[in-house]
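Undergrad: This is the structure, below, for whatever I ask next.
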Amino acid sequence: MTSDTGSTKRITQRGLWFEEFEVGTTYEHRPGRTVTEADNVLFTTLTMNTQPLHLDAAESEQTAPFHERLVNSMFTLSTLVGLSVAQLTQGTIVANLGFTDIAFPAPVRHGDTIYAETLVVDKRLSSSRPGEGVVTLAHTARNQRGEVVATATRTTLVRVRPDEPRQDPA
């Protein structure tokens, strides 16, 4: 949102209004997020996941095929979506309606940096909720080597642009 206050132009960071989403456009989300061992252990324990693959270094080192602890895939998914928020949905989303086609084609390891991008797949005005629209987003996460580590399709409910207050001509 922009506003004129005298001689200084002000721009407030926000997501996109429904009308601003362009089907077929890919948004690259930067900066990325480097995942630490602490991130993985905290997220895994907060979510009551006792999987040794995430928590037990000694057991994980003995277990094929990775022979090391890996980052919890739910943390990877959450980070993938979170990386898109500032650019796409901050302050404009009403709700996540659902996720489909979630995949983790390669593991995330401690120290990997996750980068995300989002393709706008579809959008339509809501037939049951005036002033809102349904936007379908295909998210992809890559590590610092460019390997795809997660994909997900997310359906969101987004606000249409509110009526701007009219300003009297000067």
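Undergrad: Which of the residues that make up segment 91-108 are out of contact with any helix residue (DSSP H, G or I) (no Cβ under 7 Å at 6 or more places or on another chain) and open to solvent by 70 Å² or more (accessible area, probe 1.4 Å)? Talk me through it step by step, then tell me what you get.
TA: Kept after step one, since they are out of contact with any helix residue (DSSP H, G or I) (no Cβ under 7 Å at 6 or more places or on another chain), are these residues of segment 91-108: 91-101, 103, 105-107.
If the condition is that a residue be out of contact with any helix residue (DSSP H, G or I) (no Cβ under 7 Å at 6 or more places or on another chain) and open to solvent by 70 Å² or more (accessible area, probe 1.4 Å), then Asn96, Leu97, Phe99, Thr100, Asp101, Pro105 are the ones that fit.
Undergrad: Kindly indicate the residue of segment 1-20 that is surrounded by 11 or more Cβ atoms within 10 Å (Cβ to Cβ) and at pLDDT below 90 and also farthest from Lys123 (Cα to Cα) among those meeting that condition. First the steps, then the outcome.
TA: In the first step, residues of segment 1-20 are kept if they are surrounded by 11 or more Cβ atoms within 10 Å (Cβ to Cβ); the result is 1, 3, 14-20.
The next check asks that each one be at pLDDT below 90; those that pass are 1, 3.
Values: Met1: 22, Ser3: 28 Å.
Per the stated criteria, the residue is Ser3.
Undergrad: Let me ask another. Going through segment 70-92 one residue at a time, which ones are of a type in the set (A, V, I, L, M) and in contact with a Leu (Cβ under 7 Å, 6 or more places away or on another chain)?
TA: Step one: of segment 70-92, the residues of a type in the set (A, V, I, L, M) are 70-71, 74, 77, 80-81, 83, 85-86, 88.
Within segment 70-92, Leu70, Leu88 qualify.
Undergrad: Restricting attention to segment 112-134, and to residues there that are out of contact with any helix residue (DSSP H, G or I) (no Cβ under 8 Å at 6 or more places or on another chain) and either within 30 Å of Asn40 (Cα to Cα) or charged (D, E, K, R) (or both), which single residue is surrounded by the most Cβ atoms within 10 Å (Cβ to Cβ)? Lay out the reasoning, then the answer.
TA: Initial filter on segment 112-134 (out of contact with any helix residue (DSSP H, G or I) (no Cβ under 8 Å at 6 or more places or on another chain)): 112-113, 117, 119-122, 124, 126-131, 134.
This time we only want the ones that are either within 30 Å of Asn40 (Cα to Cα) or charged (D, E, K, R) (or both), so: 112-113, 117, 119-120, 122, 124, 129.
Working: Asp112: 22, Thr113: 14, Glu117: 17, Leu119: 15, Val120: 19, Asp122: 14, Arg124: 11, Arg129: 13.
Taking the candidates together, the pick is Asp112.
Undergrad: So, one more: Which one is least open to solvent (accessible area, probe 1.4 Å) among residues in segment 21-66 that are more than 22 Å from Ile114 (Cα to Cα) and under 21 Å from the mean Cα position of the chain (by Cα)?
TA: Within segment 21-66, the match that is least open to solvent (accessible area, probe 1.4 Å) is Phe21.
Undergrad: Turning to a different aspect of this structure: Based on what the data block shows, is Leu70 closer than 19 Å to His110 by Cα, open to solvent by 80 Å² or more (accessible area, probe 1.4 Å) and hydrophobic (A, V, I, L, M, F, W, C)?
TA: Working: closer than 19 Å to His110 by Cα: yes; open to solvent by 80 Å² or more (accessible area, probe 1.4 Å): no; hydrophobic (A, V, I, L, M, F, W, C): yes.
It is false that Leu70 is closer than 19 Å to His110 by Cα, open to solvent by 80 Å² or more (accessible area, probe 1.4 Å) and hydrophobic (A, V, I, L, M, F, W, C).
The values are calculated or read from the model by the stated rules, or taken from the named source; none is laboratory data. Values in this document were obtained by computation on a predicted structure and should not be read as measured data. Every residue, glycine as well, gets a Cβ built from its backbone with ideal geometry; the counts of neighbours run over all protein chains shown. Protein only, heavy atoms only, side chains kept; ligands, DNA and RNA dropped before computing areas. Shrake-Rupley method; radii C 1.70, N 1.55, O 1.52, S 1.80 Å.
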